[in-house]
């Protein structure tokens with residue numbers, strides 16, 4: 001898994017399409033509950049690899065909303081189902097990143113208001129993802145949300161290895177919303193919660209999901225206000241880990257580093273080298289991560305086209 005897109009995108013569209021009409025035939029609640037739990041379990045086990053392997057970004061983006069609404073429909077019947085809450089948190093985060101926020105970046109500057117509208121929409125999806133993730137953590141640890149708001153490190157310390165996936169998606173959802181709300185002091189004040197969840201997740205499982213948490217931390221630390229040289233060393237450690245763990249199957253690790261370090265240091269050569277590394281990843285050689293690679297490469301191409309605006313002569 002890489003960045004906020006991955007083979008962790010667990011929606012099995014065709015299985016859900018096949019099973020959903022059956023719910024209408026169920027007379028007994030126990031049978032219906034059993035069917036929902038079976039679907040939720042299949043989502044959590046990764047039966048939706050068809051999405052991760054998709055080679056057509058547009059086609060995938062058109063299919064995902066249906067799956068998300070179906071997951072929400074199932075959650076209406078089982079609001080505390082942990083597998084469904086993970087699927088909802090992951091799905092809304094990834095959809096917002098790949099099909100709402102990123103396309104908004106590509107909108108021409110003369111259509112500023114259209115881009116701002118899409119950023120607002122992406123933020124709403126990110127917060128929706130965060131709410132689902134937090135609900136999942138609340139099911140496991142009642143009162144978790146209150147503690148996270150007042151003492152993020154104490155809240156994160158409660159988590160165990162089985163909570164890494166929920167912690168990651170909860171952090172990714174809120175962190176992405178904050179990144180689009182940099183002028184909102186109330187949102188910025190929630191950043192310690194994101195950092196606590198991400199740091200706890202990586203401490204619990206350093207190699208989780210193709211280095212996904214490391215990639216999140218590259219972005220988070222790139223926004224840090226601390227000593228830059230110390231922060232940069234930490235970012236590079238997470239980058240090296242992400243590249244190693246993914247076995248070369250991550251394009252977004254290179255993109256994240258280019259945006260986190262190269263622009264800050266005004267290092268145009270490094271920026272272009274990293275983005276070209278991302279473009280050199282063979283998506284077909286890593287079919288289980290094909291969609292994530294293609295989305296990251298799409299952003300790499302766009303960033304290269306903006307290079308003259310990002311770097312001073």
Residues of the stretch 293-313 that turn out to be in contact with a helix residue (DSSP H, G or I) (Cβ under 7 Å, 6 or more places away or on another chain) and in a loop (DSSP other than H, G, I, E, B), as a count: 1
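Please go through the stretch 207-223 and give me each residue that is touching a residue at least 40 places away in the same chain (Cβ under 8 Å) and within 23 Å of residue 244 (Cα to Cα), ordered by number. If you could, list the steps in order and put the result at the bottom.
If we filter the stretch 207-223 for residues that are touching a residue at least 40 places away in the same chain (Cβ under 8 Å), which is where we start, we get 208-213, 215-216, 218-220, 222-223.
Residues satisfying the conditions are 208, 209, 210, 211, 212, 213, 215, 216, 218, 219, 220, 222.
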Are any of the residues in the stretch 271-292 at pLDDT below 95, out of contact with any helix residue (DSSP H, G or I) (no Cβ under 9 Å at 6 or more places or on another chain) and part of a helix (DSSP H, G or I)? yes
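Return a yes/no flag: does the stretch 194-206 have any residue that is part of a loop (DSSP other than H, G, I, E, B), touching a helix residue (DSSP H, G or I) at 6+ places or on another chain (Cβ under 9 Å), without any contact (Cβ under 8 Å) to a residue 40 or more places away in the chain and within 29 Å of residue 150 (Cα to Cα).
Going residue by residue through the stretch 194-206, those that are part of a loop (DSSP other than H, G, I, E, B) are 205-206.
When the remaining residues are screened for being touching a helix residue (DSSP H, G or I) at 6+ places or on another chain (Cβ under 9 Å), the result is 205-206.
This time we only want the ones that are without any contact (Cβ under 8 Å) to a residue 40 or more places away in the chain, so: 206.
Right, trim to within 29 Å of residue 150 (Cα to Cα) and you get 206.
So far as the stretch 194-206 goes, yes, one or more of its residues are part of a loop (DSSP other than H, G, I, E, B), touching a helix residue (DSSP H, G or I) at 6+ places or on another chain (Cβ under 9 Å), without any contact (Cβ under 8 Å) to a residue 40 or more places away in the chain and within 29 Å of residue 150 (Cα to Cα).
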Every listed condition ((1) in contact with a helix residue (DSSP H, G or I) (Cβ under 9 Å, 6 or more places away or on another chain); (2) outside any helix (DSSP H, G or I); (3) surrounded by fewer than 24 Cβ atoms within 10 Å (Cβ to Cβ)) holds for residue 264 save (2)
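Would you confirm whether any residue within the stretch 207-218 is touching a helix residue (DSSP H, G or I) at 6+ places or on another chain (Cβ under 8 Å), within 27 Å of residue 53 (Cα to Cα) and outside any helix (DSSP H, G or I)? So that I can check it myself, show each step before the final result.
Within the stretch 207-218, the subset touching a helix residue (DSSP H, G or I) at 6+ places or on another chain (Cβ under 8 Å) is 207-218.
Narrowing further to those that are within 27 Å of residue 53 (Cα to Cα): 207-218.
Now restrict to residues that are outside any helix (DSSP H, G or I): 207.
Within the stretch 207-218, one or more residues are touching a helix residue (DSSP H, G or I) at 6+ places or on another chain (Cβ under 8 Å), within 27 Å of residue 53 (Cα to Cα) and outside any helix (DSSP H, G or I).
Taking residue 156, is it part of a helix (DSSP H, G or I), surrounded by fewer than 18 Cβ atoms within 10 Å (Cβ to Cβ) and in contact with a helix residue (DSSP H, G or I) (Cβ under 9 Å, 6 or more places away or on another chain)? I'd like the intermediate steps shown before the answer.
Details: part of a helix (DSSP H, G or I): yes; surrounded by fewer than 18 Cβ atoms within 10 Å (Cβ to Cβ): no; in contact with a helix residue (DSSP H, G or I) (Cβ under 9 Å, 6 or more places away or on another chain): yes.
So residue 156 does not fit the description; no.
Check whether at least one residue in the stretch 153-168 is touching a residue at least 40 places away in the same chain (Cβ under 8 Å), within 12 Å of the chain's Cα centre (by Cα) and within 17 Å of residue 71 (Cβ to Cβ), and report yes or no.
Initially, the stretch 153-168 is screened for residues touching a residue at least 40 places away in the same chain (Cβ under 8 Å), giving 153, 155-157, 159-161, 163-166, 168.
Checking which are within 12 Å of the chain's Cα centre (by Cα) leaves us with 165-166, 168.
Among the residues that remain, those that are also within 17 Å of residue 71 (Cβ to Cβ) are: 165-166.
Checking the stretch 153-168: at least one residue is touching a residue at least 40 places away in the same chain (Cβ under 8 Å), within 12 Å of the chain's Cα centre (by Cα) and within 17 Å of residue 71 (Cβ to Cβ).
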Which condition from (1) in contact with a helix residue (DSSP H, G or I) (Cβ under 7 Å, 6 or more places away or on another chain); (2) under 23 Å from residue 220 (Cα atoms) is the one that residue 248 breaks? (1)
Residue 181 vs (1) more than 13 Å from the chain's Cα centre (by Cα); (2) in contact (Cβ under 8 Å) with a residue 24 or more places away in the chain; (3) not in a loop (DSSP other than H, G, I, E, B): all pass except (3)
Taking the condition assigned to a helix (DSSP H, G or I), without any contact (Cβ under 8 Å) to a residue 40 or more places away in the chain and under 20 Å from the mean Cα position of the chain (by Cα), does residue 171 pass? no
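Kindly indicate whether residue 72 is more than 21 Å from the chain's Cα centre (by Cα) and either more than 23 Å from residue 212 (Cα to Cα) or touching a residue at least 24 places away in the same chain (Cβ under 8 Å) (or both). Let's see the steps before the verdict.
Values: more than 21 Å from the chain's Cα centre (by Cα): no; either more than 23 Å from residue 212 (Cα to Cα) or touching a residue at least 24 places away in the same chain (Cβ under 8 Å) (or both): yes.
Here the answer is no, as residue 72 does not meet what is asked.
I want to confirm something. Restricting to the stretch 267-302 and keeping residues that are over 17 Å from the mean Cα position of the chain (by Cα) and within 16 Å of residue 215 (Cβ to Cβ), which single residue is surrounded by the most Cβ atoms within 10 Å (Cβ to Cβ)?
Filtering first and then ranking leaves 275.
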What is the number of the single condition among (1) modelled with pLDDT under 95; (2) farther than 20 Å from residue 209 by Cα that residue 258 does not meet? (1)
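The values are calculated or read from the model by the stated rules, or taken from the named source; none is laboratory data. Please read these numbers as outputs of a predicted model, since none were measured by experiment. We place every Cβ from the backbone using ideal geometry, glycine too, and count neighbours over all the protein chains shown.
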